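**Q** Here it is, the structure in full.
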Amino acid sequence: MKTKKNVSGLYAIVDSNYPAGGDMVGLAAKYVCGGVGVLQLRVKPLENSQGEAERAKKLMLSVASEVAGFKKNNDFILIINDHADIACQVGADGVHVGTNDMPVTEIRKTFGDEIMIGFSSHSAEEAKKAWEMGADYVAFGAIFPTKTKGPGHPVQGLEKLREVVAAASIPVVAIGGICRENIEGVLKTGVSSVAMISALALANDPVLEAISYGRLIRRFLGASR
Ligand code: TZP
Ligand code: MG
């Protein structure tokens with residue numbers, strides 16, 4: 001059996017709506033060039049209709065197939081948001097799901113032990129479910145206010161993040177509104193990894209930004225562990 005790698009360091013997310021209509025493969029290439037440890041591809045339907053869900057899934061398959069090709073010459077963990085079947089089809093490392101997706105236990109049963117499973121949690125109770133169900137890592141957020149997830153999304157703050165990290169038996173990935181001004185507080189909680197969408201996608205030079213955040217995170221986690 002393949003040994004599963006642990007999620008750690010900078011976790012970059014390429015989101016189809018951020019920027020809307022952007023070149024997902026091009027941005028993924030930049031993050032890989034910037035040495036990210038983990039890269040997630042995220043394509044959300046723009047509206048609640050079967051046609052739109054199909055369009056989004058088709059786009060995901062095409063982007064994921066291309067980005068999986070980068071794994072030949074680069075060492076990074078590739079995660080597909082929502083679609084375990086696409087993750088397996090393109091040879092990605094894992095899938096990331098939330099409470100409204102295929103349950104973690106069912107993904108395990110269907111796709112086996114080798115697939116890495118990440119679970120999105122938005123409360124300490126939901127986070128606990130992640131390790132109880134057999135996920136490999138848990139994402140917790142939004143830590144800070146963020147426009148990327150849309151309005152009405154609960155903000156958890158650093159204190160709750162600290163509690164989740166202390167209770168967790170699997171790596172914790174912090175997400176939501178994390179940027180240069182607040183990342184040190186996040187790293188001090190003992191998280192394994194920091195996920196970002198806008199702080200990387202909006203940078204003048206996403207390659208340099210990924211390199212810089214990656215170094216900062218490694219330096220901090222290396223020094224404190
Ligand atoms: N889940 C919780 S917050 C969030 C997601 C997908 C958005 C993260 O984006 P950003 O731009 O890094 O705040
Ligand atoms: Mg989902």
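**Q** By the scheme Lys and Arg +1, Asp and Glu -1, what is the net charge of all other residues having a beta-carbon under 11 Å from that of Met102?
**A** Summing Lys/Arg as +1 and Asp/Glu as -1 gives -2.
**Q** Continuing with the same structure: Would you calculate a helix-derived [θ] at 222 nm for the chain, using -39,500 (n - 2.57) for each DSSP H run of n ≥ 4 and dividing by the full residue count, to the nearest 500?
**A** That calculation yields -12500 deg cm²/dmol at 222 nm.
**Q** Please find the FRET efficiency linking Glu181 to Ser62, where r is the Cβ-Cβ separation and R0 is fixed at 45 Å, and quote it to the nearest 0.05.
**A** 0.80
**Q** Next question. Which whole-percent values make up P(r) of the chain when all C-alpha to C-alpha distances are grouped in 10 Å steps starting at zero?
**A** 8, 35, 41, 16, 1
**Q** Using 0.36 nm per residue, how much length does the chain from Arg215 to Lys5 gain when fully extended, once their Cα-Cα distance is taken away?
**A** 73.7 nm
**Q** Out of residues 5 or more away from Ala142 or on other chains, whose amide H comes under 5 Å of its own, with H placed 1.01 Å from N in the peptide plane?
**A** The answer is Gln156.
**Q** Given a Förster distance of 25 angstrom, what is the FRET efficiency for Asn74 paired with Met102, based on the Cβ-Cβ distance and rounded to 0.05?
**A** The formula returns an efficiency of 0.35 here.
Every number in this text was worked out from the coordinates using simple rules, so none of it is lab data. Keep in mind it's a predicted model, so treat the numbers as computed, not measured. Cβ: placed from backbone, ideal geometry, glycine included. Neighbour counts: every protein chain shown.
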